[in-house]
Structure formats: structure tokens, C-alpha cells
1. When you count, for each residue, the other Cβ atoms within 10 Å and take the mean per peptide, how do 147-156, 163-172 rank with the highest first?
2. Once you list every other residue whose beta carbon is under 11 Å from the beta carbon of Lys172, what net charge do they have if Lys and Arg are +1 and Asp and Glu are -1?
3. Using a probe radius of 1.4 Å on heavy atoms only, what accessible surface per residue do you get for the stretch 1-158? Whole Å² is fine.
4. What is the local net charge at Asp54, summed over the other residues whose Cβ is closer than 12 Å to its Cβ (Lys, Arg +1; Asp, Glu -1)?
5. Can you give the net charge of the other residues whose Cβ lies under 13 Å from the Cβ of Phe113, counting K and R as +1 and D and E as -1?
6. Along the stretch 83-100, what does the Karplus equation 6.51 cos²θ - 1.76 cosθ + 1.60 (θ = phi - 60°) give for ³J(HN,Hα), rounded to whole Hz, x for Gly and Pro?
7. According to the Cα gyration tensor, what semi-axes, each the square root of 5 times an eigenvalue, does the equivalent ellipsoid of the stretch 60-143 have, listed from largest to smallest in whole Å?
8. Could you run the Karplus curve 6.51 cos²θ - 1.76 cosθ + 1.60 with θ = phi - 60° over the stretch 171-179 and give me ³J(HN,Hα) per residue in whole Hz, x for Gly and Pro?
Amino acid sequence: MEVYSIDRLGQSEEVFSLSFVADGTPPTSAAASGTPTSGRWITSQTSITISADDGSGIGLGVVRFRIAHNDTYGVYGTYTVPFQLLQGEGAYTLEFESEDLLGNRELTQSVSFEVDDTPPRIDYEVGYSASDFEFTVDASAEDEGSGLASLEYRVGSGEWRTYEGPFTIRTKVSVNVEFRAVDLLGNTGMV
């Protein structure tokens with residue numbers, strides 16, 4: 001746009017130009033979880049990051065977010081640094097939105113997480129045959145959260161081995177058998 005003014009005596013100033021850029025587009029934002037993560041499953045130690053971009057607009061003004069834990073919503077706050085979901089295990093909903101310096105605000109975004117800090121549960125049974133000095137060991141593991149990744153065992157101070165089914169130990173002396181189960185987030189249970 002070119003502009004100039006004329007006073008009451010007919011004197012005009014030099015023509016100068018002004019330029020404007022219209023920005024009616026809101027920024028966009030996204031949330032991401034760090035590690036450990038397995039699908040929507042995370043632990044209370046997993047960091048959550050919200051990133052926002054105003055593209056070729058005027059610039060990012062603010063990113064707001066709030067957290068709901070088991071359907072109880074908190075108040076909106078300003079996002080500045082990665083955070084963790086520390087209110088305990090269960091279902092979380094993260095709502096967030098960004099706004100540029102002109103007040104263009106995106107529609108509220110949301111993402112759901114499930115926090116799992118509980119290791120898998122291990123059950124085992126030992127059968128004994130006195131005539132053969134045989135112990136048959138059977139085990140199973142369950143994880144009601146993110147899911148079971150592995151079940152291992154070791155006899156005495158030996159190496160950890162993948163548990164594939166019942167196994168037999170022949171001995172006349174006592175021996176220690178340990179089990180270790182790990183879920184998809186790395187939570188580890190031992191017996």
C-alpha cells in the first residue's frame with residue numbers, strides 16, 4: 001500500500017509504502033511420549049513432550065495443556081518443559097492447544113495414555129519325586145497392563161534362560177530356582 005498526506009495548503013509529503021502480512025492460520029501442535037513406551041502404555045517415568053509450530057505465521061504465542069487422570073480433569077497450564085504423569089497408574093487424557101501472537105488458536109488436541117508401573121505377576125509350582133530325586137518346576141506369568149515381554153528362569157547362580165515350559169532338576173541337595181518376568185515397558189518382577 002502506498003500512502004502520502006496533503007496539508008491544508010496543498011503541500012504533500014513524499015509517497016511511502018506500507019506492507020502487511022495477513023495471518024489467520026492457527027499454529028499446530030502435537031504430543032509425543034519418550035521411553036519407555038509401548039503403544040499407548042507408558043510408565044510414570046516416561047517424559048511427555050508437546051511441540052508446536054506456527055509455520056510461516058507471525059510466531060508462536062503460547063501452548064496450554066491440562067491432564068485428566070481417571071476422568072478427573074485438572075486446570076489448564078502453560079507448557080514450558082517435558083513432564084511426567086505422576087498421579088499414579090491408570091488412564092490419562094492430555095488435552096493441549098497452541099495460540100499464535102495474533103490470538104489465532106488451534107482446536108484442542110487430545111491424546112490418551114495408560115500408566116503401568118506394576119511388574120508382571122509370576123506363579124510357579126514344584127513337583128517332587130522322592131524315588132528319583134527329581135523336582136519338576138512349572139511357571140507362568142501375567143501382566144494386566146502393557147503385556148508380558150519375557151519370562152526367564154535360572155537354577156542356582158547359572159545363566160538366565162527363556163522359560164519354555166516345565167523343566168526337571170535332579171539333585172539330592174537343595175538348589176535355588178529364580179524366575180524373572182518383564183513387561184513391555186521394562187517393569188520387572190522376580191520370585
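1. On the way: 147-156: 16.2, 163-172: 11.3.
So the peptides 147-156, 163-172, ranked by packing, come out 147-156, 163-172.
2. Values: positive: Arg170; negative: Asp132, Glu134.
Cβ neighbours under 11 Å give a net charge of -1.
3. On the way: 9780 Å² over 158 residues.
Ligands and nucleic acids excluded, the figure is 62 Å² per residue.
4. Values: positive: Arg105; negative: Asp23, Asp53, Glu99, Asp100, Glu106.
Summing Lys/Arg as +1 and Asp/Glu as -1 gives -4.
5. Numbers: positive: Arg40; negative: Glu89, Glu95, Glu114, Asp116, Asp117.
Here the charged neighbours net out to -4.
6. The phi angles translate into 9, 10, 9, 9, 7, x, 6, x, 8, 10, 10, 9, 10, 8, 7, 10, 9, 8 Hz.
7. In descending order the semi-axes read 52, 11, 9 Å.
8. 6, 9, 10, 5, 9, 9, 10, 10, 10
The values are calculated or read from the model by the stated rules, or taken from the named source; none is laboratory data. It should be emphasised that the depicted structure is a prediction, and the values quoted were computed from it without experimental measurement. No Cβ is skipped: glycine too gets one built from the backbone with ideal geometry, and neighbour counts run over all protein chains shown. Quick note on the areas: whole protein, heavy atoms, side chains included, nothing else; ligands and nucleic acids left out. Shrake-Rupley method; radii C 1.70, N 1.55, O 1.52, S 1.80 Å.
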